[in-house]
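Notes follow once the structure below has been shown.
Bear in mind that the values in this text are calculations on the coordinates, not laboratory data. These numbers were taken from a predicted model, which means no experiment stands behind them. When we count neighbours, we look across all protein chains shown, and the Cβ atoms used for this are built from the backbone with ideal geometry, even at glycine.
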Amino acid sequence: MVALAGMIVVLASLQLPASGQGQVTIAFWHAMDGPKTPVLIGMVKDFMKENQAIKVDVTFQGDYTDVVRKVQAGIAANALPDLVMLGQRHGIPNISDSGRLLVLDSYVTAEDRRDISPGLFGRYTHDRKIMAIPFLISTPVLHVNASRFREVGLNPDKEPATWDDLVEYAKKLTRDVNGDGRIDQWGFHTHGDIAWHVFSFIYQNGGALYGRDGQATLDTPEVMGAIQLWSDLVHKHKVMPALTHAGASRLFITGNLGMFQRSSAFVEGAAAQIGSRFEYRVAFLPKKKFLAVPSGGAGLGVFRSTPEKEKAAIALLKWLTGTQGIARFSKGTGYITFRRSSAALPEMQTFFADNPREHVASQQIEYARTNPPSRADGAVWDGLEKLIERVEADSNANIPALLKELNARVNRELAQSR
Amino acid sequence: MGIVSGLTRVQQEKLFNSAMFFLLCLGALLFLFPFFWMLSTSLKGADEVILYPPNLIPHVPRLQNYLEIWDKAPFGRYFFNSAVVTTAIMLGEVATSVLAAFAFSKIPFPGREKLFLAFLGTLMIPNIVTLVPAFVIVHRLKWIDSYMGLIVPEMATAYGIFLLRQFFLQIPQELDDAAKIDGSSRWGTLMRIYVPLSAPALIALAIISFINNWNNFFWPLIVTNSDAMRTLPVGLRFFVEGDGAGQWQYLMVAATIISIPPLVVFLALQRFFVRGIAMTGITN
Amino acid sequence: MTQTKAKATAAVPFLGRRFSDFAAGYGFVLPSLALIVAFTFFPAIYGFLVSFTRWDMMSPTRTFVGLSNYVELLESSEFWHSLGVTVYYLVGTIPITMALGLALAVALTRKFAGAAFFRVVFYSPIVTSTVAMAVVWLWMYDPLNGILNYFLLQIGLPPQKWLSSPATAMPSLIIMDIWKYVGYDMVIFLAGLQGIPAGLYEAAEMDGGGRWAKFRFVTWPLLAPTTFFILVISIINRFRIFATVHTMTGGGPAGATEVIVYFLYKQAFQYFKVGYAFAIAYILFVIIFSMTLAQWKFGKRVHYQ
C-alpha cells in the first residue's frame, strides 16, 4: 500500500506541468522581416532553453510604423506585449508619456554606460529617462561598385573622403554607355527614407535639427548648404536621377550605379543579390566639416505589467542586448556591433577580418550624431521629405524660403505638444 | 461622311458595327494588358525581370515561381484565412441584409424612415474614423487576432440593405396580401416568396460582398497580431516591403494569386450580376 | 400553426397589430442594427468626441480643446492643399470614367457575339485587389525599367516620369483609377439602360431619328437617375481613396498625391495628432454628406421630368 502511494506520488510529481511551477509567458513584438529574422528567433529560442520557466510568444508586427499603431490600439484596449521593438523615430516620446513603458535606468549598469556610446542611448531617452535599450542599429554607408570605379579611371582604394570628392567621382561615373542618348550609369543615389540620408549631409555640414533650447534649427546656413548639395547633385552636376529612390537599389545591384548610400543593414542582402556581377565594397560616408552619420534602427522597450512578467521581460532584454547577444545578433544580421565589449570579442574580430564590408558600419558608429527623440520628429521627417522631393523636382526651388517655412511649422508643432 | 452617305442604311450599320467591334477589341487589349504583364512578370527569373529592354514574354516560363512563393511567406495560411473570413462575412452580410431590407420595405413599424436614413448615413463615415474605437470594442469582446474579430465587425454595412430594399420595394403588395390570406407569417413570406424572387439580387450582393471583403486591407491589418491570422492583402503588403522588396517576379506571383479567387467567383456568377443590379432598380 | 396565427392576428384589435409590426420590424432589423450600432455608430460618436480633444491615443490624459482642432485645420495650408489634391483627383477621374462607362454600356447593351466577353473584360479590374493592382501598376510605371516607358519609346514618344514627378504623379494615379472603375460605371449604366422601354426607341426611329438622335432624346434623359446615382457614388468613393496612394506614392512626391484620407492617416499615425485627425474625418463627412444631400434633392427633380 505504502509502496503504491509512494509510486503515485513520484509519478504525479514527474508529470507536474511546468506552468504549475510558476512558468511565465511573455509576449515579444518585433518588426524584423526577411532573411535576418531567424537570427532573432534563434536567440529567443536559446533564451527559452536557458530559462525553462519563461515562455516567449514572438510575433512579427509589421514595420516600425505598424508596431506603433498596434501599440496605440493596444494602449486603448489594454492589450500590450511585454517586450517591444521600438523604432528610433517612431513615437518614443508619446509612448513614454502614456506611462506604460518601464523606465529602464535602474537596469542599466555603469558598465553598460561605458560600453554603449551616450549618443546611442540618447536616441532612446525621453525626459532624461532611458525608455529603451539600443538593439538593432544601423547607419547609412556608401555602397561602392569598385569595378565601375576602375572602368572610369578611379582608384577604388581611394574612397571619396569629402563632398568635393563625391561630386568629382560621381561625375566620372555618370555616363551613357551605349550611345543612345540616355544615361545608363549614374554616379550617386540614395535609397528611400530620404530624410534620414539628408540628416547625414546636414550633420556633416555642422548643422543640427534642434538647438540646445529645443527649438528647430532647420533654417540655418549649415542645413541650407546640405540641401543645396542635394539639389546640385540632381540639377547642376546631374549625377543623381530625380525622385527615383525606390529603384536605386535595383540600379546598384544591376551594376548601373557607382555609389549608393543606404543603410548598413543592406550589406548582406546586396552581396547575395550582386553575386559576382561586379566587385562590391563598402565605404565610409564622405565628410564636409565633420564625419558624422545619423543612427537608425530600433531599441527594445518593456511595458509595465505584473512583477513576474516584467522580470521575465528584463531577463530577455538583457539576454538580447548583452555583450554576447549583440555580438551574435551583429554577426548574424549585419547590424552594428555597437557595444564596445562585443566588438572586442575574438569572434567578432575574426568576423570583421573576414567581412570588411560589415566592419565599416561598426566603425562608423563612433561618429554617430543623435538628438533625443522629439514629439515633432514626425513633422521634421515628413516636412523634410516633402522639401527634398520638391527640390529634386524643381531646379528653381527657393531653398532658404522652404526651410524657413518648415522651421516655423516644426516650432509650431513643438509648441503645441508641450 | 461623304463616303458613308453613299452607302445604304444597312451598309452604314455594318460599317458602324465593325468600327465599334474593332474599338472594343482594342479597348479590351489595353484593359487586359496589366493582367498580362502581371502574369508575364510572374513567370520570369530574377535576371530576366530586370532586363532592359523588357521581354513581353518570358524566355523560359518559370512555373516554379508559383511553387516557391509559398515558402517566401506563409501565403498558404493567408489564403486559407482569406477564404474562411470572406465566405463567412459574405453569408452573414446577405442574411442580415435580407432581414433588414424586408423590414424596411414591407413592415410598417414606427421610426422606420428615420432609422433607414440613419443607416444610410453610416455609409458616408470614412472607415478610418471608426477603426481604432472599433478595435477597442473588439478587444473587450476578446476577439483580437481571431476569426470572430475579422468577421463580425465587417458584417456591419448598410450597402446591402440599401440595395435589397430597392428591390423589395418593387415587389407588388398583392403578393404579400396573397401570402397573408394563405396564412403565411412574415417569416414565411420572406423565405418562400421574396428570397426566391430576388435570387439574382442576392447573388449580386454576395458577389460584391465577397470581392470587397477578399480585398479588404485596413481592418485585417489592425485586428490581427500574428501571421497565423493574417489575410492575403495584408500578407502581400508585408511581403512588398519585406522579403519581396524589389523582387518583382514574386510580387507579381502574389498579386496573381490574390486576384484569382474573386475573378473566378465573378466569372462563374456574372450572369446574375447585371440582372441583379438591374432588378434592384436603384437607378430609378 | 400558421392558420391559428393568422386567425389570431385577425382577431386581435388594432393595438395588437401595431405591436406585431413593431416587434417584427425591429426583430428583423435587429441583427444589422446591433452590428452597425456596435461597430459603426458607436465608434463614430466616440471619434467625434475625441475630435474636440488633443490626444495621441496613448497618453492617459486627454486635453479638451473645444473647436481649436477644427480652427487649426481650416487655417492649415496643408489641409487645403490635400483637399485640392483630392478635388483634382475627382475631377480627373469621374467625368472620364463615367463617359467611358456610358459609351461601353451603350456599345454592349445589344446582344451580339462576344458582348458578354467584353463586359467581363472591362469589369474585371474592379474584381481584383487594390493592393495587388497597385503593385502591378507600380511596376509598369517604373521610370527606368517599366514597360510603359518602353512602349512610349517604341512609338517615338518621350518617356514619362509617371509617379516620380509631382506634375505627373496624380495623372498617373488618375489613369489607373479610370482603368479600375470604368467597368463599375459601365455595369450600372447597363442596368439603367435595360430599364428603358424598347418602344421609345422605335418611336424615335419612326420619327426619323438616327443613332445620335435616339441617344440624345431617349437614352440620355431616361438615364438621368442612373447618371445621378453613379455621380453620387463616385464622389463618395473617390473621396475615400487611400490604398493606392499608400502603396504607390506615399502621398508624394512633394505632397502631389496627398489626398485627404492619406493626410488624415499621417496626422493620426505619424504626427500622433489623433484628435486633429478625427476633426479631418468629420469635415470630410460633412462635405460628403452635404454633397449627397444636394444630389438627392436635385436628383429628385430630374427624376420626375
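The figures follow:
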| read-out | value |
| --- | --- |
| Approximate spin-label separation A:Thr306-A:Asp176, in nm, with each point projected 7 Å along Cα-to-Cβ | 7.2 nm |
| Under 5 Å, built H, 5+ apart or other chain: amide partners of C:Gln270 | none |
| 5 angstrom amide H check on A:Asp57, placed H, neighbours 5+ away | A:Ile26, A:Ala27, A:Phe28 |
| Under 15 Å from the A:Gln363 label point (7 Å along Cα→beta-carbon), backbone N, the stretch A:116-141 | A:141 |
| Using a Förster distance of 60 Å, the FRET efficiency for A:Thr25-C:Trp296 (Cβ separation, nearest 0.05) | 0.65 |
| Listed residue pairs exceeding 22 Å between alpha carbons, taken from A:Lys236/C:Lys266; A:Lys158/A:Lys287; A:Lys55/A:Lys129 | A:Lys236/C:Lys266; A:Lys55/A:Lys129 |
| Residue mean of other protein chain beta carbons inside 10 Å, B:173-182 | 1 |
| Inter-label distance for B:Ala118 and B:Val60, nm, one decimal - labels placed 7 Å from Cα along Cα-to-Cβ | 6.7 nm |
| Rounded tilt (10° steps) of A:323-333 against the dominant C-alpha axis of chain A | 50 degrees |
| Residue-count net charge about A:Ile54 - beta-carbon cut-off 15 Å; Lys, Arg +1, Asp, Glu -1 | 0 |
| Shielding by partners - mean other protein chain Cβ count within 10 Å, residues of B:149-159 | 3 |
| Residue among A:Ile274, A:Ile388, A:Ile133 with the largest mean-square fluctuation in a Gaussian network model of chain A, springs linking Cα atoms under 10 Å | A:Ile274 |
| Highest-MSF residue in chain A out of A:Lys236, A:Lys318, A:Lys288 [GNM, Cα springs under 10 Å] | A:Lys236 |
| Amide H contacts under 5 Å for A:Ser263, placed H, 5+ residues apart | A:Val141 |
| Residue pairs, from the table A:Lys289/C:Lys273; A:Lys171/A:Lys386; A:Lys311/B:Lys142; C:Lys161/C:Lys273; A:Lys331/C:Lys161; A:Lys238/C:Lys180, whose Cα atoms sit over 30 Å apart | A:Lys289/C:Lys273; C:Lys161/C:Lys273; A:Lys331/C:Lys161; A:Lys238/C:Lys180 |
| Per-peptide average of other Cβ atoms within 10 Å, ordering A:239-251, A:136-148 highest first | A:136-148, A:239-251 |
| Helix A:194-204 axis, angle to chain A major axis (alpha carbon atoms, nearest 10°) | 70 degrees |
| Check: the protein assembly as shown dipole with +1 on Lys, Arg Cβ and -1 on Asp, Glu Cβ, in debye | 1820 debye |
| Relative contact order of the stretch C:221-305, defined on C-alpha pairs under 8 angstrom at six or more residues apart (%) | 31 percent |
| Potential lengthening between A:Glu50 and A:Asp157 on full extension [0.36 nm per residue; Cα-Cα distance subtracted] | 33.9 nm |
| B:Val10-C:Val87 FRET efficiency (beta carbon distance; Förster radius 45 Å; 0.05 resolution) | 0.40 |
| Distance between modelled label sites at A:Ala110 and B:Phe22, nm, 7 Å Cα→Cβ extension | 9.0 nm |
| For B:24-36, mean number of other protein chain Cβ atoms within 10 Å | 5 |
| Anisotropy class of chain A from Cα gyration tensor, a/c 1.5 cut | prolate |
| Between 0 and 90°, nearest 10: helix A:307-321 axis offset from chain A longest Cα axis | 40 degrees |
| Ranked by how many other beta carbons lie within 10 Å on average, peptides C:56-62, A:253-259, C:256-262 from highest | C:256-262, A:253-259, C:56-62 |
| Summed residue charge, Cβ within 10 Å of A:Leu257's Cβ, Lys/Arg positive, Asp/Glu negative | +2 |
| Axial C-alpha extent at least 30 Å, average Kyte-Doolittle at least 0.0 - helices from chain C (DSSP) | C:14-36, C:77-108, C:166-194, C:274-304 |
| Theoretical gain in end-to-end length, C:Tyr150 to C:Leu67 [0.36 nm per residue, Cα-Cα removed] | 24.7 nm |
| FRET E, pair B:Leu175, B:Ala268, Förster distance 41 Å, beta-carbon r, rounded to 0.05 | 0.85 |
